[in-house]
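Heads up, the thing below is written out as structure tokens.
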Amino acid sequence: MKKIRVVMIAVLAFTQLTGCGAAGGNAQQAESSQATGTAAGSSVFDGELEENVTIYVLENDTAISKGYFDELIEAFNEAYAEYGITAVDANMDQYLDLANDGPYGYGPDVLYQANDVIMQYAEDKHIYPLPAEQLECYELIDESAWDAYRIEVDGSEYICGVPVNVQAPMLYYRADLLPEDWESAWDENGNQVPDMAESWNAMYAWSLQRHEEDSTKYGYMKSLYDTYFSSGFLFSYGAYVFGENNTDPSHIGLAAGEAEKGAWVLSQLASAMSEECIDDTITANAYSKLADGTYFATISTPDVYSTFFDELVMAYEGEGMSEEEAKAAAEENLVMTTLPMLPESGDLTEENPTLIESKTMGGINGYAVSAYTEYPNDCLAFIEFATSYEMVVKRSEMLGIAPARQDAAETAGGTSELLYQSLADGNIVLMPSIKEVAQLWTPAETFFTDVAKDVFRSESERKYKDLEDFRAGLENMVQQIHDAIFTLQ
């Protein structure tokens with residue numbers, strides 16, 4: 001695994017901090033000064049723990065609701081009891097605005113977020129760059145995951161977050177909802193994996209058949225307006241977000257290559273769904289609808305596996321199974337796997353298509369240290385503890401996440417190992433870690449919503465009749481994003 005160059009922490013932004021220590025702390029505004037070089041002062045991370053203090057940690061909602069965060073802070077507090085260090089829940093919305101809250105004492109000391117969120121804070125110096133090479137996990141995490149948290153300032157590189165898990169769309173489906181004859185009729189290559197899990201052509205065909213057999217049932221269902229999930233269909237045919245490895249926002253590539261084929265695929269998939277695919281309805285009800293059998297399949301991220309699982313267990317119990325029987329059935333029948341392959345032509349009705357790998361938008365969730373904390377060494381100690389092999393494996397077991405640590409991914413096996421390999425192979429296109437990515441979402445969501453809505457318009461009113469129409473729509477979306485970044489700000 002190739003190393004990333006990491007230089008002294010002090011040169012980025014902060015030599016001295018005073019003020020807020022944590023959520024609920026004092027409201028005195030923190031002061032910072034620009035470092036003038038490597039001799040401007042020692043790093044705030046000097047290895048000396050700040051004793052007899054409380055650090056406030058912001059975790060994500062799923063980790064809290066499923067009990068993982070309680071186990072994490074309990075274990076950490078026991079390990080650091082001799083120093084009087086206590087980690088507690090910051091008890092804040094996971095989508096805090098550190099830029100506005102932090103300087104006035106309302107931000108956490110440690111925060112857990114996706115790379116695109118964390119790195120927006122990094123650009124404006126609201127979080128600290130970290131001594132990544134000193135961490136035990138450094139050599140065990142792929143370079144591309146570290147790259148998601150890397151920033152360059154005045155020709156020097158810094159890392160501002162520690163990767164915990166890989167986020168990317170995964171296919172969820174119910175094995176017990178497969179057609180009875182799937183092994184003979186839906187396993188063309190005889191590998192004991194249903195065709196609909198291996199190609200979007202088969203998934204599309206099965207979705208049409210299932211709805212035709214029962215108008216209350218559907219095959220694959222997903223809210224197509226969601227850029228995070230839908231953009232991967234564009235990437236698969238040559239699109240990308242920004243140029244220069246997602247660092248140049250002046251070069252927007254969402255219409256590059258044959259991206260129009262990806263938009264066409266989305267349109268075809270929408271034709272096998274209900275109008276709920278236009279907005280966020282399917283995203284909101286996917287857990288219950290997969291559990292009650294209305295939906296055969298959907299896509300979501302690995303960290304919500306436990307939510308799908310719990311919902312399915314409750315559904316089975318409602319059918320008369322004992323808790324033990326319900327859990328066993330859910331473990332057997334809830335399948336999470338990587339996305340099916342796509343037809344090179346973009347035509348989901350093509351027989352015997354040449355298939356290509358599906359690419360997806362992805363992200364790296366990880367920990368960062370607020371630049372407004374009074375306890376940077378304790379924060380780093382917490383991150384070291386939380387990213388240890390033992391805790392990441394436990395996180396994977398309890399939440400279903402795909403670890404960014406190679407050893408933990410290998411232990412988790414299955415889809416976690418596949419996701420780690422997909423990241424290394426470049427099939428997961430990480431969200432840009434520059435602030436301009438914030439201008440991507442609204443124009444892209446407008447386009448994807450329009451593509452989904454188009455299927456339900458009358459033939460004469462449809463906007464997208466051929467690939468040229470899809471390309472024109474993509475180019476218009478790109479122009480809107482460009483304008484939002486460079487003209488409308």
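Over the range 232-317, with the other protein chains present, what is the accessible area per residue in square angstrom, probe 1.4 angstrom? If you can, show how the numbers build up before the last one.
Working: 2710 Å² over 86 residues.
Value for the range 232-317: 32 Å² per residue.
For a modelled paramagnetic label at ALA81, 7 Å from Cα along Cα-to-Cβ, the residues of the range 373-395 in reach, with backbone nitrogen under 19 Å, are 382, 385-386.
Using only the Cα atoms of the range 161-293, build the gyration tensor, take square roots of its eigenvalues as a ≥ b ≥ c, and label the shape rounded, prolate or oblate: rounded if a/c is under 1.5, else prolate if a/b is larger than b/c, else oblate. All intermediate terms of the calculation are to be shown ahead of the outcome.
Details: a/c = 1.85, a/b = 1.73, b/c = 1.07.
Note, shape of the range 161-293 comes out prolate.
The angle between the Cα long axis of helix 259-270 and the main principal axis of the chain comes to about 60°, on a 0 to 90 degree scale.
Taking the longest Cα principal axis of the chain as reference, the axis of helix 467-486 is set at about 20 degrees.
For the chain, what is the mean residue ellipticity at 222 nm derived from helices alone (per DSSP H run of n ≥ 4: -39500 (n - 2.57); sum divided by total residues; nearest 500 deg cm²/dmol)? List each step's numbers first, then the result.
Numbers: 19 runs with 189 residues, N = 489.
Taking each H run of at least 4 residues, the total per residue is -11500 deg cm²/dmol.
In the complete set of protein chains, residue-level accessible area for GLU344 is approximately 100 Å², probe 1.4 angstrom. Ligands, DNA and RNA excluded, the heavy atoms of TYR56 present near 70 Å² of accessible surface to a 1.4 Å solvent probe.
Any idea what % of Cα-Cα pairs in the range 172-237 are farther than 15 Å? Intermediate values should be presented prior to the final figure.
On the way: 1271 of 2145 pairs.
Pairs farther apart than 15 Å: 59 percent.
Nothing charged except the Cβ atoms of Lys and Arg (+1) and of Asp and Glu (-1): what's the magnitude of the dipole of the chain about its Cα centre? Round to the nearest 20 debye. Before the final figure, lay out each step's value.
Details: 24 positive and 85 negative charges, 244 e Å.
Charge dipole of the chain: 1180 debye, to the nearest 20.
Here LYS463 is the anchor, and the aspartates and glutamates within straight C-alpha reach of less than 12 Å, apart from those fewer than 8 places off in the same chain, are ASP450, ASP454.
Given N residues in the range 51-185, what is its alpha carbon radius of gyration divided by 2.2 N^0.38 Å? Intermediate values should be presented prior to the final figure.
On the way: Rg = 19.4 Å, N = 135, 2.2 N^0.38 = 14.2 Å.
Computed over Cα atoms of the range 51-185, the ratio equals 1.36.
Toward the positive end of the charge dipole of the chain, with +1 on the Cβ of Lys and Arg and -1 on the Cβ of Asp and Glu, the farthest Cα among VAL392, VAL166, ALA122 is that of ALA122.
Solvent-accessible surface of protein heavy atoms, probed at 1.4 angstrom with all chains present, puts ILE159, ILE73 in the order ILE73, ILE159, largest first.
Provide TYR305, TYR228, TYR83 ordered by accessible surface of protein heavy atoms (probe 1.4 Å), highest first. Show your work: numbers first, answer last.
On the way: TYR305 55, TYR228 30, TYR83 75 Å².
Largest accessible area first, the residues go TYR83, TYR305, TYR228.
Working from the Cα coordinates of the chain, the gyration tensor eigenvalues give, after taking √(5λ), semi-axes of 41, 27, 19 Å in decreasing order. Taking all protein chains as shown and a probe of 1.4 angstrom, TRP206 keeps an accessible surface of around 10 Å².
The spacing between the range 350-405 and the range 142-217, judged by their C-alpha centroids, is 18 Å.
Viscosity 1.002 mPa s, temperature 20 °C: what is the translational diffusion coefficient of the range 298-391 from Stokes-Einstein with a Kirkwood Rh over Cα pairs, rounded to a whole number of µm²/s? Walk me through the numbers before you get to the answer.
On the way: Rh = 18.0 Å.
Diffusion coefficient, whole number: 119 µm²/s.
Taking 28 Å as the straight-line reach from the Cα of LYS66, the lysines in range (excluding those fewer than 8 positions away in the same chain) are LYS222, LYS289, LYS327, LYS394. All Cα-Cα distances of the range 203-280, cut into 10 Å bins from zero to the largest, leave 19, 40, 26, 12, 4 percent in each bin in turn.
With all protein chains in place and ligands, DNA and RNA left out, the 1.4 Å accessible area ranks VAL88, VAL304 as VAL88, VAL304, largest first. Under the rule a/c < 1.5 gives rounded, and otherwise a/b versus b/c splits prolate from oblate, where does the range 342-489 land using the Cα gyration tensor? Cα axes put the range 342-489 in the oblate bin.
Along the axis of the charge dipole computed for the range 205-359 (Cβ charges of +1 for Lys and Arg, -1 for Asp and Glu, origin at the Cα centre), the listed residues ALA205, ALA239, ALA272 are led at the positive end by ALA239.
The values are calculated or read from the model by the stated rules, or taken from the named source; none is laboratory data. Since the model is a prediction, treat every value here as computed from it, not as a measurement. When we count neighbours, we look across all protein chains shown, and the Cβ atoms used for this are built from the backbone with ideal geometry, even at glycine. Surface areas here come from the heavy atoms of the whole protein model, side chains and all, with no ligands, DNA or RNA. Shrake-Rupley method; radii C 1.70, N 1.55, O 1.52, S 1.80 Å.
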